[in-house]
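The values are calculated or read from the model by the stated rules, or taken from the named source; none is laboratory data. All values derive from a computational prediction rather than experimental measurement. Here the Cβ positions follow ideal geometry from the backbone for every residue, glycine too, while neighbour counts run over all protein chains shown. Ligands, DNA and RNA are excluded from the accessible area calculation, which covers all protein heavy atoms including side chains. Shrake-Rupley method; radii C 1.70, N 1.55, O 1.52, S 1.80 Å.
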Amino acid sequence: MTFLKRLWLPFLTFVTTATFYTFRSNELSPFSFITSKTAILIAYFQGIEKNEKNIDFIVQKRELLETKLGTAKKKQVAKVTDIKIATENNFKIPIRVYHPNSTALSLGEERAVVIYIHGGGWVFGSIETHDNICRGIALVSDSLVISIGYRQPPEHPFPAPLKDCIAAIKWAQKNAKKHGGDVNRVAVIGDSTGGEVA
């Protein structure tokens, strides 16, 4: 047990060092999501200064991630609707609704609702990066999928992202019926950070 305790600090140092090398590279590496998660640890234990340079850098990485993942061929669903909803202090966040079945849509049949919260270590990821995942879930489960785009640090420190997700879930429970969803059958899921919130 003592031996394991001695290992945690070298391990954290290694991961932190690898993070900065990956985080500062010009291209996204296979460890991008490890990078984003470790960035949160650094933010807590060492502190990431909230300044224009760091924010611009992170925004640039987000855009690069969206560009790389946005090249994938889109899975075809019956209908996709983009909505903006108000959260804390009337801040608007994006919501994307996926309806899988054109026949059910035309007949007014209600589908179970899946509320999806994307991952990315709080810092990265978006509705766009997880668009195809949500399309796939809608098709495979034959459910109405509602994807949440929440505010992210360092521009919007915690608990802003969590408050956005809670507000969006409440919105979905009230408004899913308007989009063909059954408000009595609602599931909240996500990957990585999104799974933590769910």
Which residues, counting only those in region 81-108, are free of Cβ contacts under 8 Å to residues at least 40 places away in the same chain and surrounded by 14 or more Cβ atoms within 10 Å (Cβ to Cβ)? I83
Failed item in (1) of a type in the set (V, I, T); (2) under 30 Å from I55 (Cβ atoms); (3) in contact with a strand residue (DSSP E or B) (Cβ under 8 Å, 6 or more places away or on another chain), with T129 passing the rest: (3)
Need a quick list: helices (runs of 4 or more DSSP H) entirely within region 109-198 having at least 2 residues that are open to solvent by 40 Å² or more (accessible area, probe 1.4 Å) and within 16 Å of I83 (Cβ to Cβ). 160-175
Of all residues making up region 64-95, the number that are acidic (D, E) and modelled with pLDDT under 80: 1
